[in-house]
Amino acid sequence: MAGARALPHGRGEPGRTLDLPGLALLTPAVLAFVLPLVLGQPEHWPAWGWVLMAASVPLAAAFAAAERRVAGSGGTPLVPGRVLRVPGVPVAIAALFAVMTIFSGFFFTLALHLQDGLGYSPLRAGLAFAPAAAAFALVSLNWRRLPVRWHGALIVVGFTAFGAAMAGLAWVLRDGGTGGAGLYLIGALSGAGMAAAFSPLMTRVLLRVPVELAADATGVVVTVNQLGLLVGVATFGTLYLNLAGQLPGHATFGAFRHVSAHAEAITFLALAALAAGGVVLAIVHLIERRTTPA
């Protein structure tokens, strides 16, 4: 109520209305894909979960077809095709999705490992992420101070640093180790690397979009980021719990070894996904070189 009274009322684009058919198809498509990922592991992967995940494919196809019809009739689709037709944008958005999926999923599994595997209290586990958060903020606020010609390379450097941090974390946590001070140093490296990769990449996506499509592109990017966060937590969390099994409330040294071995497996799985993200970035760079005037 207070916001409705105090905030300015924008007029928006003339004749623009909410794409209700698109919304009616996109919502169940996303729900059918995400719900089994969230509930599958605790429900022991029931048949309805697999049915829902399979149903998300035709629902997504129906959504794409509906969006084309809305655009063809002169309406405003929920996901404007004009944004996705900008050279390099679809692949760059896919890279953003990969970034957010890996980032959220990896740190979610690390939180599980610290608390249920190593027996950390919630406060101690939360403080273990403080260096990563501080480094992420520091790099995000200052990367634009670097020369513009370095910004493209910064994305690759950031991915490399984050991948190295994950491999280092697997090393220090092996055999039930707590990591000591190395846990916090590696956390800072992971936060800095992710900020160096994510912030310039997101900026590059939006800079390629014409001004008149900026609002639509921003909506698509924010939606993709949020979906990536959810999919990352659900997917990597499920993989971790499936491999580690039921974790004890108070871990013993034997449990340390059992859980840390699975934590390493998840870490290197994330590293493989990160390498796939690097391939996506290489494709983006190739598209930019072919579409940028000499």
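The values are calculated or read from the model by the stated rules, or taken from the named source; none is laboratory data. Quick caveat: nothing in here was measured; it's all calculated off a predicted structure. Here the Cβ is made from the backbone with ideal geometry for all residues, glycine too, and neighbour counts use every protein chain on show.
Observations on the model:
- Condition check for Leu146: surrounded by fewer than 17 Cβ atoms within 10 Å (Cβ to Cβ) and farther than 23 Å from Ser199 by Cα: no
Yes/no matrix, rows are residues, columns are (1) under 17 Å from the mean Cα position of the chain (by Cα); (2) outside the structural domain of Ser190 (by TED's automatic domain parsing); (3) in contact (Cβ under 8 Å) with a residue 40 or more places away in the chain:
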site: Val91; (1), (2), (3): yes, no, yes
site: Met100; (1), (2), (3): yes, no, yes
site: Phe108; (1), (2), (3): yes, no, yes
site: Ala128; (1), (2), (3): no, no, yes
site: Val148; (1), (2), (3): no, no, no
site: Gly152; (1), (2), (3): no, no, yes
site: Gly158; (1), (2), (3): yes, no, yes
site: Gly163; (1), (2), (3): yes, no, yes
site: Ala167; (1), (2), (3): no, no, yes
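- Single residue of the stretch 64-83 satisfying the filter (in contact (Cβ under 8 Å) with a residue 40 or more places away in the chain and either within 30 Å of Gly163 (Cβ to Cβ) or assigned to a loop (DSSP other than H, G, I, E, B) (or both)) that is farthest from the chain's Cα centre (by Cα): Gly75
- Counting only helices (runs of 4 or more DSSP H) wholly contained in the stretch 92-208, the ones carrying 3 or more residues that are closer than 18 Å to Asn225 by Cβ and either in contact with a strand residue (DSSP E or B) (Cβ under 7 Å, 6 or more places away or on another chain) or modelled with pLDDT under 80 (or both) occupy 181-207.
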